[in-house]
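Enquirer: Just passing along the structure, written as structure tokens.
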């Protein structure tokens with residue numbers, strides 16, 4: 001088939017497809033409806049980017065009609081190898097029909113070489129008439145060498161797996177603010193669902209699957225796809241044993257300190273030889289595909305960022321549990337979930353704080369100004385543990401001129417004041433639902 005036949009075949013396949021039930025995600029749809037900019041949806045594989053596209057299409061169809069919208073997935077084998085000539089044919093499909101307003105959804109766009117140049121030309125030529133929405137499983141779908149082409153022409157939407165409030169809604173449960181205060185029954189259900197959330201994570205398809213064993217199988221399949229397709233294949237990595245075992249090392253150590261020295265020592269213990277430079281490259285790749293995040297210490301001194309280790313967080317707790325040795329350390333998993341929720345709320349300026357003998361898990365900034373300090377402690381039943389968490393928050397608050405701190409726990413809820421600093425304790429499930 002030539003390019004025209006390929007793209008028409010893909011469009012026909014989309015038009016004949018029957019989509020199942022589509023549930024809402026907590027996304028600002030005004031970006032899709034009101035802005036003329038190119039929208040790029042970024043996120044780890046299987047986080048729901050395609051699902052979000054379908055949901056947006058469903059909303060747009062009510063106003064513009066189905067014929068004014070097309071969806072193309074560039075992982076479709078019909079379109080391999082993908083070239084910008086296919087994009088020309090997709091554009092021509094709309095122009096031939098003369099719609100007043102059209103929407104072009106291009107899934108996994110990073111598979112199309114030079115798509116950025118094509119997108120700039122299309123945007124400049126048909127702004128307001130044809131809106132382009134793209135998705136990708138890499139933070140670098142817009143390459144550095146051509147990023148300036150789309151400056152001022154695009155808006156990025158970073159999509160994470162489901163928040164806990166979305167997870168609740170996917171389970172067909174509605175919890176209001178009054179329920180958080182007064183409904184013992186709904187609170188009990190929310191706590192039970194949090195246990196599943198901690199164990200199986202938040203990928204949409206996994207959340208909808210009822211069978212626990214099939215949840216694990218799905219997660220292992222996701223892991224394989226990310227490892228082989230997004231990491232090894234797309235980045236031309238040949239050292240499979242190094243990458244696979246380094247990735248497992250990171251999963252096992254979520255919410256812990258990370259150093260390249262520790263990573264190398266772990267691989268050495270397995271008889272796998274590598275270099276610090278190689279591990280530096282591999283962490284960059286895993287950040288690029290949204291698999292791991294690395295949080296630095298809070299400090300205005302550049303040398304401290306080099307001297308102190310970063311902390312590791314994974315994109316999904318369920319993925320970690322599916323590929324690493326089983327763990328009942330829900331404190332580490334809870335901390336990971338808190339980090340992801342902070343990132344979902346567009347808080348990119350996140351650090352941890354290190355004192356002389358204590359630390360604070362999360363310090364949230366707006367530029368140089370610190371907004372909030374948060375500890376995560378799953379089991380606060382020990383008085384010694386409670387005092388340790390309070391001491392870290394109080395010392396951090398005093399150093400930074402703050403008057404309050406927050407401790408997120410399994411089930412403790414109270415407030416107290418220590419050395420002039422107000423310390424609030426809140427259960428994780430309630431904190432997550434209050435963020436909606």
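The values are calculated or read from the model by the stated rules, or taken from the named source; none is laboratory data. From a predicted model like this one, the values you see are computed outputs, not experimental measurements. Positions of Cβ are generated from backbone atoms using ideal geometry, with glycine treated the same way; all protein chains shown enter the neighbour counts.
Enquirer: Let me confirm something: among 108, 89, which residue is at positive phi and crowded, with 17+ Cβ neighbours inside 10 Å?
Expert: Working: 89 fails: at positive phi.
None of the other options fit; the residue is 108.
Enquirer: Read through the list (1) under 27 Å from residue 170 (Cα atoms); (2) without any contact (Cβ under 8 Å) to a residue 40 or more places away in the chain; (3) crowded, with 16+ Cβ neighbours inside 10 Å, then give the number of the only condition that residue 99 fails.
Expert: (1)
Enquirer: In the stretch 253-262, what residues are surrounded by fewer than 17 Cβ atoms within 10 Å (Cβ to Cβ) and under 20 Å from the mean Cα position of the chain (by Cα)?
Expert: The answer is 256, and nothing else.
Enquirer: Could you list, in sequence order, the residues of the stretch 54-82 that are touching a strand residue (DSSP E or B) at 6+ places or on another chain (Cβ under 7 Å) and either under 22 Å from residue 201 (Cβ atoms) or assigned to a strand (DSSP E or B) (or both)?
Expert: Within the stretch 54-82, 69, 70, 71, 72, 73 qualify.
Enquirer: So for the stretch 349-363 (the condition being assigned to a helix (DSSP H, G or I) and in contact (Cβ under 8 Å) with a residue 24 or more places away in the chain), does at least one residue qualify? Can you show your working first?
Expert: So in the stretch 349-363, the residues assigned to a helix (DSSP H, G or I) come out as none.
Among the residues of the stretch 349-363, not one is assigned to a helix (DSSP H, G or I) and in contact (Cβ under 8 Å) with a residue 24 or more places away in the chain, which makes the answer no.
Enquirer: Follow-up. Do we have any residue at all in the stretch 143-155 that's more than 28 Å from residue 291 (Cβ to Cβ), more than 23 Å from the chain's Cα centre (by Cα) and either outside the structural domain of residue 40 (by TED's automatic domain parsing) or assigned to a helix (DSSP H, G or I) (or both)?
Expert: no
Enquirer: For residue 165, work out the one condition from (1) more than 20 Å from the chain's Cα centre (by Cα); (2) assigned to a helix (DSSP H, G or I) it doesn't fulfil.
Expert: Of everything listed in (1) more than 20 Å from the chain's Cα centre (by Cα); (2) assigned to a helix (DSSP H, G or I), residue 165 misses just condition (1).
Enquirer: For the stretch 14-32: of the residues being touching a strand residue (DSSP E or B) at 6+ places or on another chain (Cβ under 9 Å) and part of a helix (DSSP H, G or I), which is surrounded by the fewest Cβ atoms within 10 Å (Cβ to Cβ)?
Expert: Within the stretch 14-32, the first condition is being touching a strand residue (DSSP E or B) at 6+ places or on another chain (Cβ under 9 Å), and the residues that meet it are 14-15, 17, 27-28, 31-32.
Still in the running and part of a helix (DSSP H, G or I): 14-15, 31-32.
Working: 14: 16, 15: 12, 31: 16, 32: 23.
Out of the qualifying residues, it is 15.
Enquirer: Among the residues that make up the stretch 244-252, is at least one of them over 19 Å from residue 333 (Cβ atoms), within 17 Å of the chain's Cα centre (by Cα), surrounded by 19 or more Cβ atoms within 10 Å (Cβ to Cβ) and assigned by TED's automatic domain parsing to the domain that holds residue 351?
Expert: Step one: list which residues in the stretch 244-252 are over 19 Å from residue 333 (Cβ atoms), which gives 244-246.
Those still in the list that are within 17 Å of the chain's Cα centre (by Cα) too: none.
Scanning the stretch 244-252 turns up no residue that is over 19 Å from residue 333 (Cβ atoms), within 17 Å of the chain's Cα centre (by Cα), surrounded by 19 or more Cβ atoms within 10 Å (Cβ to Cβ) and assigned by TED's automatic domain parsing to the domain that holds residue 351.
Enquirer: Please work out if residue 36 is part of a loop (DSSP other than H, G, I, E, B) and touching a strand residue (DSSP E or B) at 6+ places or on another chain (Cβ under 7 Å). Let's see the steps before the verdict.
Expert: Values: part of a loop (DSSP other than H, G, I, E, B): yes; touching a strand residue (DSSP E or B) at 6+ places or on another chain (Cβ under 7 Å): yes.
So residue 36 fits the description; yes.
Enquirer: Something else: Quick one: how many residues across the stretch 345-378 are touching a helix residue (DSSP H, G or I) at 6+ places or on another chain (Cβ under 7 Å) and more than 15 Å from residue 297 (Cα to Cα)?
Expert: Number satisfying all stated conditions: 3.
Enquirer: Would you tally the residues in the stretch 59-89 being without any contact (Cβ under 8 Å) to a residue 40 or more places away in the chain and over 23 Å from the mean Cα position of the chain (by Cα)? Reasoning before the result, please.
Expert: So the first thing to find is which residues in the stretch 59-89 are without any contact (Cβ under 8 Å) to a residue 40 or more places away in the chain, and the list is 59, 61-65, 67-69, 74-75, 77, 80-82, 84, 87.
From the residues that got through so far, the ones that are over 23 Å from the mean Cα position of the chain (by Cα) too are 59, 61-65, 67-69, 77, 80-82, 84, 87.
Count: 15.
Enquirer: Let me ask you something else. What's the number of the condition residue 343 fails, among (1) crowded, with 19+ Cβ neighbours inside 10 Å; (2) in contact (Cβ under 8 Å) with a residue 60 or more places away in the chain; (3) within 29 Å of residue 307 (Cβ to Cβ)?
Expert: (1)
Enquirer: Name every residue in the stretch 141-154 that is exposed (fewer than 15 other Cβ atoms within 10 Å of the Cβ) and modelled with pLDDT of 70 or more, in order of residue number. Talk me through it step by step, then tell me what you get.
Expert: Looking only at the stretch 141-154, we keep the residues that are exposed (fewer than 15 other Cβ atoms within 10 Å of the Cβ), and these are 143-148, 151-152.
Residues satisfying the conditions are 148, 151, 152.
Enquirer: Looking at the stretch 304-321, which of its residues are part of a helix (DSSP H, G or I), modelled with pLDDT of 85 or more and surrounded by fewer than 23 Cβ atoms within 10 Å (Cβ to Cβ)? Don't jump to the end; show me each part of the working.
Expert: Going residue by residue through the stretch 304-321, those that are part of a helix (DSSP H, G or I) are 304-307, 317-321.
Imposing the further condition that a residue be modelled with pLDDT of 85 or more reduces the set to 317-321.
Passing the criteria: only 321.
Enquirer: Can you tell me which of 133, 226, 141 is closer than 19 Å to residue 44 by Cα and touching a helix residue (DSSP H, G or I) at 6+ places or on another chain (Cβ under 6 Å)?
Expert: On the way: 133 fails: touching a helix residue (DSSP H, G or I) at 6+ places or on another chain (Cβ under 6 Å); 226 fails: touching a helix residue (DSSP H, G or I) at 6+ places or on another chain (Cβ under 6 Å).
Answer to the selection: 141.
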